[in-house]
1. Hull surface divided by four, with the convex hull built on the Cα atoms of the protein assembly as shown: how many nm²?
2. Say the dipole of chain B comes from +1 at the beta carbon of Lys and Arg and -1 at that of Asp and Glu; which of B:THR318, B:PRO55, B:GLY440 then lies farthest toward its positive end?
3. Nm distances between the label at B:ASP261 and the same-position labels in the remaining copies, 7 Å along Cα→Cβ, shortest first?
4. Run the numbers for A:GLU54 and A:ASP142: contour at 0.36 nm per residue of separation, minus the present Cα-Cα distance, in nm.
5. What residue among B:VAL148, A:GLY411, B:TYR80 has its Cα farthest toward the positive end of the dipole of the protein assembly as shown, where the charges are +1 on Lys, Arg and -1 on Asp, Glu, each on the Cβ?
6. So how compact is the range A:25-153: Cα radius of gyration and Dmax in angstrom?
7. I'd like the Karplus ³J(HN,Hα) series for the range B:327-335: coefficients 6.51, -1.76, 1.60, θ = phi - 60°, whole numbers in Hz, and an x wherever there's a Gly or Pro.
8. With a ≥ b ≥ c the root eigenvalues of the C-alpha gyration tensor of the range A:169-288, is it rounded (a/c under 1.5), prolate (a/b larger than b/c) or oblate?
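The values are calculated or read from the model by the stated rules, or taken from the named source; none is laboratory data. Bear in mind the structure is a predicted one, so any value in this text is a computation, not a measurement. For neighbour counting, all protein chains shown are included, and Cβ atoms are generated from backbone atoms with ideal geometry for every residue, glycine included. All accessible areas refer to the heavy atoms of the entire protein, side chains included, with ligands and DNA or RNA removed. Shrake-Rupley method; radii C 1.70, N 1.55, O 1.52, S 1.80 Å.
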Number of protein chains: 2
Amino acid sequence: MADQQDPRNDDKKIVNMSDSEREEDEFLPRRELLDQIDEAIEAEDTERLNALLEPMHAADIADIIEQLHGSERTAFLQLYSDRIDGEILSEIDEAIREEVLEFLPRDVLADAVREMDSDDVVDLIEDLDEPERAEILAALDDSDRAAVQQSLAYPEHSAGRLMQSETVTAPEHWSVGETIDFLRSEDWLPEQFYHIILVDPRRHPIGYVALGRLLASRREVPLKDLCEDSFRTVSAYAEEGDVAYAFNQYHLISAPVVDADDRLVGVITIDDAMYVLDEEHEEDILRLAGVGEDSAITDTALETMRQRLPWLMVNLVTAILASLVIAVFETTIQQIVALAVLMPIVASMGGNAGTQTLTVAVRALATKSLTGSNVWRVVKREAIVGLMNGLAFAIVMSVVAWFWFDGVSLGAVIGIAMIVNLTVAALAGILIPLAMEKAGADPALASGTFVTTVTDVVGFFAFLGLASAVLK
Amino acid sequence: MADQQDPRNDDKKIVNMSDSEREEDEFLPRRELLDQIDEAIEAEDTERLNALLEPMHAADIADIIEQLHGSERTAFLQLYSDRIDGEILSEIDEAIREEVLEFLPRDVLADAVREMDSDDVVDLIEDLDEPERAEILAALDDSDRAAVQQSLAYPEHSAGRLMQSETVTAPEHWSVGETIDFLRSEDWLPEQFYHIILVDPRRHPIGYVALGRLLASRREVPLKDLCEDSFRTVSAYAEEGDVAYAFNQYHLISAPVVDADDRLVGVITIDDAMYVLDEEHEEDILRLAGVGEDSAITDTALETMRQRLPWLMVNLVTAILASLVIAVFETTIQQIVALAVLMPIVASMGGNAGTQTLTVAVRALATKSLTGSNVWRVVKREAIVGLMNGLAFAIVMSVVAWFWFDGVSLGAVIGIAMIVNLTVAALAGILIPLAMEKAGADPALASGTFVTTVTDVVGFFAFLGLASAVLK
C-alpha cells in the first residue's frame with residue numbers, strides 16, 4: 001500500500017482494494033495481534049494485555065471478547081474486567097453480556113453504565129433479570145434512571161426503547177445567535193447530535209434545523225427560516241422495524257420521538273436505525289433457513305443444537321408426510337423401479353423453484369415493495385415463470401428419462417409432473433408468504449417448511465400418480 | 001391514533017404500534033391514494049396527478065413509479081415526466097432507470113442532474129451506455145463534471161464511486177470563530193454534512209470536528225482541540241462492502257476519502273453506507289436461494305425466468321447426480337420397496353441441517369465474526385451439533401421405520417444413515433463456505449448447491465448402501 005510507511009495512517013486507514021494481497025483483512029485485529037493477546041492471557045500478563053488493547057476501538061475489543069473460547073474468555077475477563085467501560089459494554093453481543101457482567105467489579109460496572117447514553121443502558125438491561133437490573137438502575141444518576149425507566153415503559157422493539165432521552169431543543173422563536181449562545185453555555189450535551197429540534201411551549205416538536213445550516217447562517221436569522229423541508233416525528237410506540245424503514249426510505253439522520261400526547265420524549269439517530277436494519281436482515285435470513293434468530297457464533301454446541309432441533313423436527317414431520325404419498329404408490333414403484341430413481345428429481349426441482357420465489361417474496365414484503373397495488377401482477381408473473389420453467393425442464397427431463405430408461409411414456413410422465421410441480425411451486429412460493437403476512441405472522445418464519453412440503457407432496461403425487469395411471 | 005385530528009402531523013407521523021388496526025401500513029401511500037393516481041393516469045389528468053403527488057416525498061414517488069405496470073408506467077411518465085427532478089431520479093431503482101430516462105425531455109434531465117450530488121450522478125450514469133452517459137455529463141457544470149469523472153475513474157463498487165466530492169474542510173490552525181465566519185461566507189455548501197475535516201497544506205486530512213462540538217465551543221477555541229478521538233480515512237480504492245462494515249462497526253457518520261497519495265478527494269456519509277449494507281444483505285439472501293442478485297420486483301416474467309433458469313439447471317444436474325446413486329441400488333429397492341419410501345427422508349433431513357449450518361456460516365463470514373481465531377472451534381461445534389442431531393433423529397426414525405415397516409434392521413439402517421448424513425451435512429455446511437471464502441469466491445453464491453448435492457449423494461448412498469449390505 002502506498003502509505004504503509006506513514007505511521008500516522010497505519011492503524012486507521014481502511015483497506016485498500018488495489019492492494020493485491022488482500023487475504024489478511026485489515027479491519028480485523030491482525031492475526032499476530034490475536035496470538036499475542038492469547039499469549040498475554042496465558043501468561044496472565046495484565047500489563048501486556050492492556051498495552052495490546054489500548055489502541056483498539058471498543059467495538060474491536062468487544063469482538064475479541066466474543067471470539068474467545070469459554071475458559072479463555074473467563075481468563076481474559078479476570079485480567080481485564082476493571083478496564084471494561086461503557087463503550088465496550090454496549091458493543092458486546094447480547095449472547096455473552098450476562099457472562100461479562102458477572103465478572104465486572106461492582107464499581108467498574110457502575111462507572112461503565114454512568115457513562116453510557118440512555119438508549120445503550122436500556123439495551124443493556126432490558127434482557128436482564130430483576131436483581132441485576134435493579135443494581136444497574138441504582139448506579140445511575142436520578143435523571144438518567146428516570147430516562148431509562150421511561151424508555152423501559154414502552155413496549156419491547158418500540159421506538160421508545162430505541163431512543164435516547166438526551167435531546168437538544170430550542171424554542172421556536174429563537175435566532176441562530178441565541179441558539180449558539182445557549183449551546184456554548186450548556187455544560188452537558190449529547191456526544192452526537194445532528195439537529196436542533198424546535199419545540200413549542202408544550203414541548204411539541206415543530207421542525208428541526210440541521211447543524212450545518214445553523215453554522216452557515218448569520219446570528220440574527222430566526223431558526224424557523226432554517227427548518228428542513230421534510231420533518232417527521234416518530235411515535236414512541238412505533239415498531240423499530242418501521243422506524244428503520246423510514247430512516248432508510250427518507251434518508252433521515254435523526255428523528256424526534258413523541259409520546260401519545262405528541263410531546264418530545266427523545267430522539268433516534270441513524271446508527272440505531274442501521275443497527276435495527278442489520279438485525280432484521282439477520283432475522284430474515286436465519287428464519288428462512290430454519291435457524292433460531294437468536295443464534296450467535298458464541299453459542300455452545302448444546303445451545304446451537306437446542307435452536308436447530310425444533311426446525312429439523314418440523315422438517316421430519318413434513319418429510320414423513322411426503323413419504324406417505326410415496327407409500328401409496330409402493331406397488332407401482334416395485335413394478336417400475338425407475339420411478340424411485342427419478343422421483344427425487346421432480347421433488348428437488350420443485351423445492352428449489354419454490355425457494356427462489358419464496359425468497360424474492362419475503363424480501364419484497366420486508367422492503368415494502370410488494371403491496372396491494374402490484375401483488376396480483378407479481379403473482380401472475382411468478383405463475384408464468386413457474387409454468388415456463390416447468391416447460392423448459394419438462395423437455396430436458398423427458399429426453400433424459402427417455403434415453404436413460406428407454407421409455408417414451410416415462411419421459412412424458414416426468415415431463416408433465418415437472419410442469420405441474422414447478423407451477424405449483426411458484427404459486428406456493430408467493431401465496432404462502434402473502435398469506436402469512438396477511439395473518440400477521442412473519443413470512444420468513446415458517447414459509448420455507450410450508451413451501452417445500454407442498455412441493456414434495458405435489459411432486460411425488462403428480463409423478464407417481466401419473467405413472468401408476470399411465471404406465472401400468 | 002391520539003393526534004389524528006391534528007392536521008400538522010397527519011402526513012408525517014410514523015406509524016403508531018399501539019394503533020389496533022395496523023393493517024393499513026402508514027408508510028405506504030394509502031391504497032385510496034394509489035387508486036386515485038391510477039384514475040388520474042387513466043383520465044390523462046396531469047393537473048390532478050400533480051396535485052396528488054405534490055405533498056409526497058421523492059422516495060415515495062419513485063416507489064409508485066416502480067410499482068406501476070408496463071403500460072401504466074408509460075402513461076404515467078408521459079404525464080409526469082417534466083416534473084421528475086434530481087431527487088426522484090436518484091431514488092428510482094436501477095432496474096427501470098433507463099426506461100424513465102428515455103421519457104425525460106432533455107432539458108428536464110439536464111436540470112435534474114445539475115441539482116444532484118456528485119455521488120448520485122455517478123450512481124445514475126455508471127450503468128448507462130456511452131451516448132446517454134455523455135449527454136448527462138455534458139449537462140453538468142465543469143466542476144461537477146470533473147468530480148463525476150474523477151469518481152468514475154475508480155473501480156466499480158469502490159469507495160471512490162460511493163463518495164461525494166463536495167467536502168467541507170478547514171486548515172488545521174483555524175479557530176472555531178474563523179471556521180464559522182468561513183461557513184457563513186460560503187454561498188455553496190453540501191446539503192448534508194456532519195463534520196469539518198481538518199486538512200494540512202497538502203490536503204491530507206488530519207482529523208475532524210463534529211458540528212455539535214463546534215457549535216458548543218467558544219470562538220477562540222482552536223479546531224485542533226475539538227477533534228474526535230477516533231478518526232479514520234477511507235481509501236478511494238476500498239471495497240464498498242468494507243466501507244459499510246466500518247461505518248457499522250465504528251458508528252461512523254461520515255468518513256473522509258483519500259486517494260493513493262493520501263489527499264482528500266471526497267467524503268462518504270452514513271446514508272450511503274446504509275444503502276450498501278442493505279444491498280449486500282439482499283445479495284446474500286438472494287444468492288443463498290439461487291436467485292440472481294439483480295432481480296427486481298419490476299422485472300418481467302421473461303427477465304425473471306432468465307435469472308432463475310441457470311440456477312435450476314445447476315440443481316437439475318446435481319439432482320441427476322443423486323439419482324445416479326439411487327440407480328446403483330435399483331435391485332435392492334425392487335426387493336425392499338420401503339427403501340424408496342424412506343430414502344427422501346434421509347436426504348431431506350441432511351439438506352435442511354446442511355442449510356442451517358451453511359446460513360449461519362455465510363452470515364458469520366459476512367459480519368466478519370468467523371475469523372482465523374475461532375474458525376476451528378466453530379467447525380468442531382458444528383460437527384458436534386450434527387452428530388448430536390443425527391443421534392436424536394436416528395432414534396426417532398428407527399422407531400418410526402420399525403413400526404411402519406415392521407423391520408428392526410431397516411430401523412437400524414435408517415438410524416445409522418441419519419447419523420452419517422447429518423454429521424456430513426454439518427461439516428459440508430461449514431467447510432464449503434469457508435473454502436469458497438478462502439478461494440476468493442462469495443460463500444453465498446454457490447455453496448447452497450454444493451451443500452445439498454453432498455447431503456443428497458451421501459444420504460442416498462449411506463442409506464441404500466447400508467441397506468443393500470445388511471438387508472439382502
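1. Here the figure is 40.9 nm², rounded to one decimal.
2. The residue sitting most towards the positive pole is B:THR318.
3. Spelled out, the distances from B:ASP261's label point are 6.2 nm.
4. 28.5 nm
5. Positive-most Cα among the choices belongs to A:GLY411.
6. 15.3, 46
7. Ordered by residue, 3J(HN,Hα) equals 4, 4, 9, 3, 4, 4, 4, 4, 6 Hz.
8. Since a/c reaches 1.5 and a/b is larger than b/c, the shape of the range A:169-288 is classed as prolate.
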